[in-house]
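What follows is a set of notes on a single structure, which appears directly below.
What follows is calculated from the coordinates using simple rules that are stated; it is not laboratory data. Everything numeric here is computed off the predicted structure, so don't read it as measured data. Glycine also receives a Cβ, built like all others from the backbone with ideal geometry; neighbour counts cover every protein chain displayed.
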Amino acid sequence: MMASATPLLEVQNLAITLQTQRGAVRAVHDLGFTLARGETVGLIGESGCGKSLTALALMGLLPDGASVRGSIRFDGQELLAMPDKALCQLRGNRMAMVFQEPMSALNPVHSIGRQVAEPLRLHQGLSARQARTQAMELLERVGIARAAERLDAYPHQFSGGQRQRITIAMALACGPDLLIADEPTTALDVTVQRQILELLAGLVAERGMALILISHDLGVIAQSVARTLVMYGGTVVESGPTRAVFGAMAHPYTQGLFAARPRLGAARVAGERLPTIAGSVPDLADLPAGCPFAGRCPRTLDACHAALPPAVALGAGHEARCIRLGEP
Amino acid sequence: MSTALLPGFWHRALRQRSFVIGALLTALLLAAAALSLVWTPWPPYDMAMDATLQPPGAAHWLGTDAYGRDITSLLLVGARSSILVGVIAVGIGLSLGAALGLLSAARGGWVEEAIMRLADFTFAFPALLLAIMLTAVFGPGIVNAIIAIGIFYIPTFARVTRASARAVWARDYILAAHACGKGPWRITLEHVLPNIASVLIVQATIQFALAILAEAALSYLGLGTQPPQPSWGRMLAEAQTLMFQAPLLALWPGVAIALAVLGLNLLGDGLRDLLDPRLARQR
């Protein structure tokens, strides 16, 4: 891996607007972060906060009705201004993605060997035989037992965990610089989740690629990534090294999120209920002008409704968007 | 379509009644046409004025017509016209229709809108009327009949293809293919087409049956196969005038048409059930 002055990924003022029947929806706004080569970052937040849309925007795979503003620079190149043909050469080659549903992310009519070999043939111009050999090695690396014999098997002959390993092999085929994993373990059993996360962590360390891990599972994020971004209402409300974010939760939303996680076996007073965040996720079609969390926050002031709070630095790389951070 | 995708395809196929009966009848149709190329009981074009309107018997199994031609031989040769029309008309409709359907599903927007409105426009004409119009302009004959039927099939296949292709485009593995860096054409050929192949096979089988009916109808009206080339539809038309002298004359081509159409429809139904992956999984 070469050291370079430009970060691998630089996102600035990203805004995604979706056209729906109820009008334009501001699904993501004022979103920015940078990612160095080989860095792992986690994107956490509840359903509908814009995590997956952000991932699709990075890959240039937003649905037709979506419009994007702002800037996404990958290795210094502006992706949003790039023609689709050039993007096709990046996708699957230098940036790759693993999806949430391994059951449906593989084409049922092609053998897995063919599907893993495809990016190699497409981007590296390998012959069918070379690509097949490499596909076999990749499948072995991601832990598919007897890969040589199972190259010609079809997706429905594998379990969910195995299929997710296969999609990871597909994503890794060309040795990407950036891997985006959108809830890669959500659809899997808990025991399998751990194996997949360990596989991802191992591959990231081994190949020096950068990882964006999207999840709504705090445990998954805490054990897998170096830096964490907490998303709420379409923007990042808190970001920093995972240790700092989890150790000193600054934003009221982050605090609420942690308080609301169920812990099996934790000593609990009889009759005590699991704490929840009051209210519900704001409707993106009708997002308040100020802090998106203002409507549910226990510490809201009038000023919170006025404008989106700026990011306030709290320590080394740790910042949060809240105007009441300094207060006791 | 790979049989590995559908575990136990033949095992299940042999237990499915409509598929077995349909396949047998269709095989019979193909065998009749193939046989007529090398052998017929009598020369099909030879008239015998001393042996007209013979009842079924040992010499002429199904009897002879008003010109003394052997009905069995005519039926065998007539199967060729039906198959020819079916294959070429479905070929035209399937290739152009599927291409347009895939294009509209891949591009969307105004391209899709234009193709689908054009299809609606074509649908506004009854099929037979379109065929009669075309033969009226270009003259009767089997080639014009085939083209007329084939053109009418294009929008049918375009619609079916587009509807199934759009469903495939919404699937996650298409997004995954995009994420691998594939463009829309590659995705269409490598991912969409194989996944809708079963739908197209079934549709082609059923349209084949309809083409046989259409050919019979056009020939009956004198716009399809021209004499002396035998055709089931024309045999029916000729038998009509002799309805009271020799009613069996109308029965044989009628039965042939009915069995061929029934066989293809049963085959199409059977294939639809067999190729449906949801049913395949349950087994």
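Applying the Kirkwood pairwise sum to the alpha-carbon positions of the protein assembly as shown produces a hydrodynamic radius of 28.9 angstrom.
From the square roots a ≥ b ≥ c of the eigenvalues of the alpha-carbon gyration tensor of region A:192-328, which class results: rounded (a/c under 1.5), prolate (a/b over b/c), or oblate? Don't skip to the end; give the middle numbers.
Working: a/c = 1.91, a/b = 1.33, b/c = 1.43.
Here region A:192-328 falls in the oblate category.
Roughly how many Å is it from the Cα centre of region B:58-118 to that of region B:129-169, as a whole number? Region B:58-118 and region B:129-169 have Cα centres spaced 9 Å from each other. For region A:160-267, the ratio of Cα radius of gyration to the globular rule of thumb 2.2 N^0.38 Å stands at 1.14.
I need the shape label for region B:127-204. Rule: rounded when a/c is under 1.5, else prolate if a/b > b/c, else oblate, with a, b, c from the alpha carbon gyration tensor. Prolate. Against chain A, whose longest principal axis comes from its Cα atoms, helix A:128-141 is set at around 50 degrees. Across the alpha-carbon atoms of region A:117-163, the computed radius of gyration and Dmax are 11.1, 31 angstrom. Taking the three principal axes of the alpha carbon atoms in region A:88-159, the coordinate ranges are 31, 28, 22 Å, sorted in descending order.
Evaluate Rg over Rh across chain A, taking Cα atoms for both radii and Kirkwood's formula for Rh. Each step should come with its number before you reach the end.
Values: Rg = 20.8 Å, Rh = 21.1 Å.
Using only Cα positions, Rg/Rh for chain A is 0.99.
A viscosity of 1.306 mPa s and a temperature of 10 °C, combined with the Kirkwood radius over Cα pairs in Stokes-Einstein, give a translational diffusion coefficient for region B:129-280 of 88 µm²/s. Take every pair of alpha-carbon atoms less than 8 Å apart whose residues are at least six positions apart; their mean separation over the length of chain A yields a relative contact order of 20 percent. Once you sort the root eigenvalues of the Cα gyration tensor of region A:16-161 as a ≥ b ≥ c, which label holds: rounded (a/c under 1.5), prolate (a/b larger than b/c) or oblate (the other case)? Here region A:16-161 falls in the prolate category. The spread of Cα positions in region B:48-151, taken along each principal axis and listed from longest to shortest, comes to 68, 26, 17 Å. At the listed q of 0.19 Å⁻¹, the Debye profile of region A:213-268, built from one uniform point per Cα, gives log10 I(q)/I(0) equal to -0.67.
Quick check on the protein assembly as shown: helices-only [θ] at 222 nm, where DSSP H runs of length 4 and up contribute -39,500 (n - 2.57) each and the sum goes over total residues. Nearest 500, please.
Details: 22 runs with 301 residues, N = 611.
My calculation for the protein assembly as shown gives -16000 deg cm²/dmol from helical runs alone.
Close amide H pairs (under 5 Å, H built 1.01 Å from N) link residue B:225 with B:219, residues at least 5 positions away or on another chain. Screening chain B for DSSP H helices whose Cα atoms reach 30 Å or more along their own axis and whose mean Kyte hydropathy is at least 0.5 gives B:17-38, B:71-107, B:142-169, B:193-220, B:248-275. The long axis of helix A:190-207 is offset from the longest Cα principal axis of chain A by roughly 70 degrees. When Rg and Dmax are taken over the Cα atoms of region B:1-90, they come to 18.4, 60 Å.
The C-alpha atoms of chain A define a longest principal axis, and helix A:160-172 lies at about 80 degrees to it.
With the convex hull of the Cα atoms taken as the outline of chain B, the averaged projected area works out to 17.7 nm². GNM remark for chain B: springs join alpha carbons under 10 Å apart, and the peak mean-square fluctuation among B:152, B:244, B:123 falls on B:244. With kT/(6 pi eta Rh) evaluated at 4 °C and eta = 1.567 mPa s, and Rh the Kirkwood radius from Cα pairs, region A:80-222 diffuses with a coefficient of 85 µm²/s according to Stokes-Einstein. Specify which residue in the list A:87, B:111, B:221 is farthest towards the positive end of the charge dipole of the protein assembly as shown, using unit charges on the beta carbon of Lys, Arg (+1) and Asp, Glu (-1), about the Cα centre. Going by the charge dipole, the pick is A:87.
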